[in-house]
1. Starting from 0.36 nm per residue, how many nanometres of slack lie between Arg123 and His301 once their C-alpha separation is accounted for?
2. Which FRET efficiency value, to the nearest 0.05, is calculated for Asp32 and Glu59 with the Förster distance at 30 angstrom and r the Cβ-Cβ distance?
3. Given points 7 Å out from each Cα along the Cα-Cβ axis, report the Ile204 to Ile151 separation in nanometres with one decimal.
4. Please sort by residue number the trypsin sites (Lys or Arg not before Pro) in segment 262-352 whose DSSP state is loop and whose Cβ has at most 12 other Cβ atoms within 10 Å.
5. Output the relative contact order of segment 235-331, whole-number percent, from Cα pairs under 8 angstrom with separation of 6+ residues.
6. By how many nm would the segment from Phe315 to Asp41 grow when fully extended, if each residue of separation counts as 0.36 nm and the alpha-carbon distance is taken off?
7. When a/c reaches 1.5 or more, the comparison of a/b and b/c decides; with that in mind, is segment 2-131 rounded, prolate or oblate per its Cα gyration tensor?
8. Can you give me the C-alpha center-to-center distance between segment 312-339 and segment 11-70, rounded to a whole angstrom?
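What follows draws every value from the coordinates through simple rules; no lab data is involved. Computed from a predicted model, the values in this text were never measured in an experiment. Note that each Cβ is placed from the backbone with ideal geometry, even for glycine, and that neighbours are counted across all protein chains shown.
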Amino acid sequence: MKVLVLAIDRDDDFGKKAGVKGPVIGKGKCIDAALKLSLADPEDSDANVVYAAVKLYDELKKSGEFEDVEVALITGHPEVGVKSDLELARQLDEVLKKFPADGVIPVTDGAEDEQVFPILSSRLPIVSSKRVVVKQNETIETTYYVIYRYIKEILSDPEASKVFLGIPGLIFLLYGVGKLLSVSYPQSMNIISNIVAGVILLFIGGYAFTKGFRIQIFRALVNEFIQVIFGVSGLLIIIAGMINAYVNIDSYAIELLGKVPEPGLIKLILYIHSINTTIIIGIAVVLVGRIVQAYLKKDPHIWYNIAGLLILPTFWIIVDVTSRYALSVINFHSLATVIEISAAFVDVIFSVMISTFIRRYSIRWANGDEIETGAGDQEVRIAQEAT
């Protein structure tokens with residue numbers, strides 16, 4: 001097994017500070033790059049990442065656990081995000097051309113660099129990982145100096161300043177406006193306080209949600225407008241259906257069961273059964289939006305969404321049959337139930353066949369019909385590159 005020990009510099013400190021262009025391949029070249037960065041900025045921890053990668057490379061070479069080992073450094077871009085990750089992916093492909101590894105061991109100095117792990121795992125398996133933590137000398141690193149240095153870094157880092165300065169600043173701003181309004185309208189103090197608290201929680205919750213799920217709202221609205229519109233429409237359909245089912249649950253229970261059950265498991269199953277159709281319709285609307293967006297962008301992954309849309313009836317049948325069986329409305333010996341289950345099997349077979357055909361067609365379509373129908377090996381290779 002060939003293993004690549006890979007040092008990662010996502011924000012390209014090597015390029016900005018030391019003029020080192022990635023990728024850097026080989027022990028000697030990596031040590032030279034680390035020395036240049038150490039001389040340019042002795043406090044930068046990225047140099048220690050490369051030293052740690054070289055040390056790990058020597059240990060693996062000495063142990064003989066792998067067939068072959070190589071060490072390399074890839075650098076991203078000062079604009080951390082899509083641009084830096086695309087550059088890292090390009091450099092990784094360049095490294096793999098020179099050293100076709102079977103696995104990779106990434107070496108980083110923090111969580112930010114570790115965000116590129118999905119890029120690595122899409123090319124080759126991650127055998128292990130190593131995070132470098134630089135030790136501090138307590139006699140030198142006084143509390144004042146540490147606080148000063150990190151405050152300085154927060155102020156200079158746009159992403160960190162949004163979290164540590166922007167959000168607290170917004171909270172103080174809203175409370176300040178609320179206090180001023182309460183002076184003029186003291187009788188509305190409770191209303192103003194609730195509004196301010198609601199806006200703060202809404203903003204913090206929305207920011208945390210979008211960051212946690214890596215949702216870039218403005219970029220999505222610009223680049224994936226159709227998908228966003230269909231996604232919001234599908235979500236509204238689901239929410240409306242859930243509210244409607246909750247309001248009319250008693251009348252629905254009388255229609256299906258002939259009585260209103262007590263609150264508990266039976267009523268929960270009845271509620272799930274009542275929202276089944278609405279949820280399927282909402283998901284279908286979302287998938288249609290993704291299909292339209294993929295078609296306009298000529299994305300070969302369009303077949304994923306088409307396959308999901310075709311398999312939705314099976315999901316509806318499964319929920320419908322199991323929930324009605326749990327409510328003792330049907331049994332598995334009745335002809336209607338057998339027909340419904342058979343329809344689910346037919347839908348699965350039909351979806352697999354159609355999806356396989358669409359997958360082949362979408363790959364040829366996305367690549368400008370450059371693949372001939374009989375070129376099986378070439379089709380597989382382009383499919384792997386597309387995924």
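1. On the way: separation 178, 0.36 × 178 = 64.08 nm, distance 1.76 nm.
Separation in residues times 0.36 nm, less the Cα-Cα distance, equals 62.3 nm.
2. Details: r = 20 Å, r/R0 = 0.68.
For Asp32 and Glu59, the calculated efficiency is 0.90.
3. In this crude spin-label approximation the distance works out to 2.3 nm.
4. Numbers: sites: Lys267, Arg290, Lys297, Lys298, Arg324; in loops: Lys297, Lys298.
Loop-located and lightly packed - Lys298.
5. Values: 72 pairs, mean separation 31.0, N = 97.
After rounding, I find 32 percent.
6. Working: separation 274, 0.36 × 274 = 98.64 nm, distance 5.80 nm.
So the chain would gain 92.8 nm between Phe315 and Asp41.
7. Details: a/c = 1.69, a/b = 1.21, b/c = 1.40.
The shape class here is oblate.
8. First find each Cα centre; the distance between them is then 61 Å.
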